[in-house]
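Heads up, the thing below is written out as structure tokens.
Read-outs: derived from the displayed coordinates by stated rules, not from any lab. This one's a predicted model, so the numbers in the text were calculated from it and none came from an experiment. With ideal geometry, Cβ positions are generated from the backbone for all residues, glycine too; neighbour counts draw on all protein chains shown.
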Amino acid sequence: MTQAKEPSFRDSVDLMFNRAVALMDLPPGLEEKIRVCNATYTVRFGVRLRGQIHTFTGYRSVHSEHMEPVKGGIRYSLAVNQDEVEALAALMTYKCALVEAPFGGSKGGLCIDPRDWDEHELERITRRFAYELAKRDLINPSQNVPAPDMGTGEREMAWIADQYRRMNTTDINSRACVTGKPVNAGGIQGRTEATGRGVQYALQEYFRHGEDIKAAGLSGTLDGKRVIVQGLGNVGYHAAKFLSEEDGCKITAIIERDGGLLDENGLDVEDVHNWIVKHGGVDGYPSGRFIREGAKYLEHDCDILIPAALEGVINLSNAERIKAPLIIEAANGPVTAGADEVLREKGIVIIPDMYANAGGVTVSYFEWVKNLSHIRFGRMGRRQEEARHQLIVDELEALSADKELGWTLSPSFKKRYLRGAGELELVRSGLDDTMRAAYGSMREVWHARGDVKDLRTAAYLVAIGKVATSYRALGL
Ligand code: GLU
């Protein structure tokens, strides 16, 4: 439970924003213009289900339109409220600015527990919500482009895209009205894994910098690092999977809604994930130490803590007991402003949400571009690339034979070298590049300025600086 003096999520974001602008020299008034949410639309609509009319409440908040369209997910959860969507919309503005995705920030939410409804009912509810938003241009390829968030996925995005298309039959760009769609309905390869993949790339980049590793009191590489993950949903699952399968990390604890599992030798992410899909939680999983009060494991000894579930889970009530030297915020707002201060004083390094989970919106950007260009990435160049590589391989092999040099290229090298990049490779390459570049811009501020002591403040400085530049260019 959070204590009474804990600010709301929206206030938390503003407090962090204020801490950063205090170090900037913005023209009077611009600071407030950037901080405030431009508009929040609340809709209450009825859907006849199970023989009666059910009324649902939904929101779409637009934080900043310095660039359009504005971008951000739609969340389905009973905890959705105006304060939360506004905080999340603000974070979207800063996130997009930091990773140079050319969007303003927005966010939506529907107060609903998706598990209470069957698929057919959810489709009717989603279509109706989409209708309400689309008719006010709160879903529109050039003005406001939603995406998945907690409780939604590609299925809901496909319904939204189809609903928009039905309402705009002559809009040739209608597919770009929403991202995170299934690949066969205008989506892009690698979008589902994107946020988790981005968390992995962020950690890989962090571990390329000795000075930064030392700042957290760590050493070495990602190999063998003990990682605790909270939330094995889309983001946490992919992050944990890639870090354990590709970087040698040990996932020592997994915290879910119904409890936590701990195994110092490392848990099998795929196996735990399959268990959760089948049983709805981690309770009863045959290995690891289960506790009902899973949040206790946030306080367990580890090298890296990945909160990938709800906001505010690290707050004034537990911050003092957090032992992880490095926290990467895969969720939005998992650390409250109060806890952030406590953790900073303890010397814990936090890789902030606006950077850490920006992989989702980055690949959404690629999807939107793909939809507008009406062509899959790699379609024009792939075979040409392969043909040019083949030329080199042929030439080298001919040279070796001619001069009787006696060497050959290994079949595995040839196979890898000759393969031209398809959409998935290009998406991953673009995401990796984005995560490296954004880290570089934060890191530079973090190390170059004596008054910036943490990555979050650095991230805000970079992001706000970019938004301010856009506003200035607009003549504000
Ligand atoms: N909901 C995700 C986020 O919070 C993705 C947003 C998007 O792709 O537009 O970043």
*Is it true that some residue in the stretch 228-249 is more than 20 Å from the chain's Cα centre (by Cα), surrounded by 20 or more Cβ atoms within 10 Å (Cβ to Cβ), closer than 27 Å to Leu316 by Cα and not polar (S, T, N, Q)?*
no
*Which ranges mark the helices (runs of 4 or more DSSP H) fully within the stretch 24-136 that have 1 or more residues being within 21 Å of the chain's Cα centre (by Cα), in contact (Cβ under 8 Å) with a residue 12 or more places away in the chain and surrounded by 14 or more Cβ atoms within 10 Å (Cβ to Cβ)?*
82-98
*Considering (1) under 22 Å from the mean Cα position of the chain (by Cα); (2) within 16 Å of the ligand (Cβ to nearest atom); (3) crowded, with 19+ Cβ neighbours inside 10 Å, say which one Gly153 fails and leave the rest.*
(3)
*Within the stretch 345-398, can you find the residues that are crowded, with 24+ Cβ neighbours inside 10 Å, closer than 21 Å to Ala421 by Cα and polar (S, T, N, Q)?*
Thr362, Ser364
*Which of the residues that make up the stretch 160-208 are under 25 Å from Arg60 (Cα atoms), away from the ligand (no atom under 16 Å from the Cβ), assigned to a helix (DSSP H, G or I) and among the hydroxyl-bearing types (Ser, Thr, Tyr)?*
Ser174
*Do you know which residues across the stretch 339-376 are among the charged types (D, E, K, R) and within 19 Å of the chain's Cα centre (by Cα)?*
Asp353, Glu367
*Top-ranked residue of the stretch 399-412 - restricted to ones that are of a type in the set (A, V, I, L, M, F, W, C) and in a loop (DSSP other than H, G, I, E, B), ranked as surrounded by the fewest Cβ atoms within 10 Å (Cβ to Cβ)*: Trp407
_Condition check for Asn144: within 12 Å of the ligand (Cβ to nearest atom) and in contact with a Pro (Cβ under 8 Å, 6 or more places away or on another chain)_ = yes
_Cβ pairs under 6 Å, 6+ apart, first in the stretch 268-279 and among the aliphatic types (A, V, I, L, M), second not in a helix (DSSP H, G or I)_ = Val269/Ile251; Val272/Ile254; Ile276/Leu232
*Here are Tyr76, Tyr41: which of them is within 16 Å of the ligand (Cβ to nearest atom) and more than 18 Å from Met354 (Cβ to Cβ)?*
Tyr76
